[in-house]
Amino acid sequence: MTVAEILQYVHKDAFLHRLHPFTKIVFIVVASVMCLISTNMVFLALMVLAMMAFAAYGDLLTESLRQLKLILVMSVIFILITVIVMPNGDILGYLIPPGIPFIGGLVPVTTGGLTIGVVLTLRFMVLIFAFQLFLISTQPRDLVHTMEKAGLPIDYILMFIIALRFIPTLQIEGQRIHEAQLARGFNPGTGFVGKIRSVAPIVIPLVSNALLRSSVIGLTIDMRGYRIGKRTHVRERVLATRDYAVMGVLAVAACGFIALFLAQLV
């Protein structure tokens, strides 16, 4: 069974892959600041569409949409939470019908709570798409070199890169453990209860294997001398014309956003 890996680098020779990692970091910063400041649903929806168009131009739309199911589930959770904890504005209806005895009409769906939930959902989608495009189009070695040139300590860089690399690794390993248990006759049941029962038999061996792998990685890092001497790189990435062009577009977009924000349109 093929598993759609999360945040795993996709090897292609497309536009996003040819951009310098620094350019993509600027892209993430600009997109994140814009979506976090804005509260306009139309503007945020346009940002989501822009992210998808950017992914399509970089030949990464299919890979970006693989986690759409998870994004939609988290979006529904965000909306439910805001509807429950922020009942502001006009009442549109009730999550629990008023006809139910004792608890009927206790959770009103209001315009304020629904609006805030949609805004948070759109912000979440923009951030997820932006970070996913960055990670699946950037080789880990290029990211390490860029962060190292920025002056970050090598220990923190390694922790960040290893944590990112562990996400798809643990995902694949968890799926394999689950399939191995099913092949041996393990039947956790169906529905919500079955999913809860299947967690513990997967988590225990998964954590054990992760701890063993972390020990091996630590020894490998020491053997390669990451903490001693001066490191040299096989390939050095430099800013190209396309990088300056993209950063120019981002600068124009940032200036336009500031103008709209001052006019209170976003």
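The values are calculated or read from the model by the stated rules, or taken from the named source; none is laboratory data. These figures come from a predicted structure and were not determined experimentally. Using ideal geometry, Cβ is built from the backbone for each residue, glycine included, and neighbour counts are taken over all protein chains shown.
For (1) surrounded by 15 or more Cβ atoms within 10 Å (Cβ to Cβ); (2) of a type outside the set (A, V, I, L, M); (3) within 30 Å of ASP59 (Cα to Cα), each residue gets a yes or a no:
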position	(1), (2), (3)
PRO97	no, yes, no
THR111	no, yes, no
ILE116	yes, no, no
PHE124	yes, yes, yes
ILE128	yes, no, yes
ILE136	yes, no, yes
LEU143	yes, no, yes
LEU164	yes, no, yes
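Keeping to segment 92-117, report how many residues are at pLDDT 85 or above and among the β-branched types (Val, Ile, Thr).
5
Being within 27 Å of ILE37 (Cα to Cα) and touching a Cys at 6+ places or on another chain (Cβ under 6 Å), is that true of even one residue in segment 67-78?
No, there is no match, as no residue in segment 67-78 is within 27 Å of ILE37 (Cα to Cα) and touching a Cys at 6+ places or on another chain (Cβ under 6 Å).
Does segment 235-249 hold any residues that are surrounded by fewer than 16 Cβ atoms within 10 Å (Cβ to Cβ) and under 14 Å from ILE25 (Cβ atoms), and which are they?
Scanning segment 235-249 gives a single hit, LEU239.
Given the conditions (1) under 20 Å from ILE25 (Cβ atoms); (2) not in a loop (DSSP other than H, G, I, E, B), report the number of the one that THR138 does not fulfil.
It fails just one condition, (2).
Could you tell me how many of the residues in segment 37-93 are touching a residue at least 40 places away in the same chain (Cβ under 8 Å), within 15 Å of the chain's Cα centre (by Cα) and part of a helix (DSSP H, G or I)?
Of the residues in segment 37-93, the ones touching a residue at least 40 places away in the same chain (Cβ under 8 Å) are 37-41, 43-45, 47-48, 51-52, 54-55, 57-60, 63-64, 66-67, 71, 74-75, 78-79.
When the remaining residues are screened for being within 15 Å of the chain's Cα centre (by Cα), the result is 48, 51-52, 55, 60, 63-64, 66-67, 71, 74-75.
Add one more test, that the residue is part of a helix (DSSP H, G or I), and what stays is 48, 51-52, 55, 63-64, 66-67, 71, 74-75.
The total comes to 11.
Of everything in segment 170-192, what is touching a residue at least 12 places away in the same chain (Cβ under 8 Å) and in a helix (DSSP H, G or I)? Give them in sequence order.
LEU170, GLN171, ILE172, GLU173, GLY174, GLN175, ILE177, HIS178, GLU179, GLN181
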